[in-house]
Amino acid sequence: MSNSTLNTVPKSGKPTQFRWAIFATMFFLLAVNLMDRITLSIGMPYIKDEFHLSPTMQGLILSSFFWSYALLQVPGGWLLDRYGPRKVITGALFGWGFFQAIIGLASGGLSLILARIGLGAMEAPVSPSGAKLSSTWLTQSERGRGAVIMDSGSPLGVAIGGIIVAHLIVVLDSWRVTFVVVGLFTMVLGFFAWRILRDKPTQHPKVSQQEIDYIAAGNVEGSVTDTPSAPTKGLGISWFTMIAIMLGRASWGMVYWGLLTWGPSYL
């Protein structure tokens with residue numbers, strides 16, 4: 001973004017607050033992210049009858065999303081560092097919207113598994129993108145607030161998304177058309193993400209110089225006021241604590257995603 005574009009924002013007056021528009025956008029995108037993720041769970045009672053899927057095959061289909069989602073977290077972080085959140089998030093929206101839409105064209109269990117693997121791969125970098133944006137758009141004292149804003153989008157997407165998807169299946173009288181509609185909607189969001197998001201505040205025409213200075217000063221002040229300490233060795237915490245955290249997170253994930261994936265079929 002050229003300096004002439006940035007200079008369209010007045011330099012006098014109070015700092016703009018556009019950084020919160022960035023995180024409001026991420027809040028909405030994460031809500032859609034979770035809505036798309038559970039769409040198959042909502043449609044499974046209809047899909048299993050049409051394809052005559054066994055409980056084992058249903059389990060493979062529902063879990064296949066997490067195979068690629070888990071494996072591509074680290075590569076997703078590498079893409080963020082190399083290309084920036086704006087390009088990665090926009091590409092992810094087009095990608096996961098595409099795989100969501102082609103689920104509506106599935107012919108059986110294997111095609112559903114392949115589409116869900118693609119969906120998991122495309123959604124993998126979205127949550128790490130929020131952390132990347134937090135480090136460049138917020139001061140150190142604001143990052144907790146930014147994380148809460150983004151994280152609250154996920155459960156809202158599950159709560160409202162389930163209602164929306166179930167309603168669409170009933171209104172459209174087709175789980176296939178519902179998947180196509182939801183997928184196309186996600187792809188359209190890619191255009192809006194490209195227009196709104198920027199990797200850094202200095203690249204956005206709606207961010208004033210005062211806001212840029214405020215963010216920079218907040219980060220400098222935070223780093224100066226922190227008590228100097230010796231470089232961290234290893235993990236920074238004990239292995240016992242790390243294992244306990246991992247087991248706790250895994251147990252939470254088993255219950256949380258177990259209810260989300262199998263809950264609709266059970267009910």
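Points worth noting:
- Conditions (1) modelled with pLDDT under 95; (2) open to solvent by 50 Å² or more (accessible area, probe 1.4 Å); (3) over 25 Å from Met150 (Cβ atoms): number failed by Gly104: (2)
- Inside region 107-117, residues that are open to solvent by 10 Å² or more (accessible area, probe 1.4 Å) and within 18 Å of the chain's Cα centre (by Cα) make up a count of 1.
- Residues located in region 52-83, provided they are touching a residue at least 60 places away in the same chain (Cβ under 8 Å) and open to solvent by 10 Å² or more (accessible area, probe 1.4 Å): Gln58, Ser63, Phe66
- Asp213 being at positive phi, open to solvent by 70 Å² or more (accessible area, probe 1.4 Å), modelled with pLDDT under 95 and out of contact with any Ser or Thr (no Cβ under 9 Å at 6 or more places or on another chain): no
- Some residue of region 118-138 being over 17 Å from the mean Cα position of the chain (by Cα) and surrounded by fewer than 15 Cβ atoms within 10 Å (Cβ to Cβ): no
The values are calculated or read from the model by the stated rules, or taken from the named source; none is laboratory data. Worth saying up front: this structure is predicted, and the values here are computed from it rather than measured. When we count neighbours, we look across all protein chains shown, and the Cβ atoms used for this are built from the backbone with ideal geometry, even at glycine. All accessible areas refer to the heavy atoms of the entire protein, side chains included, with ligands and DNA or RNA removed. Shrake-Rupley method; radii C 1.70, N 1.55, O 1.52, S 1.80 Å.
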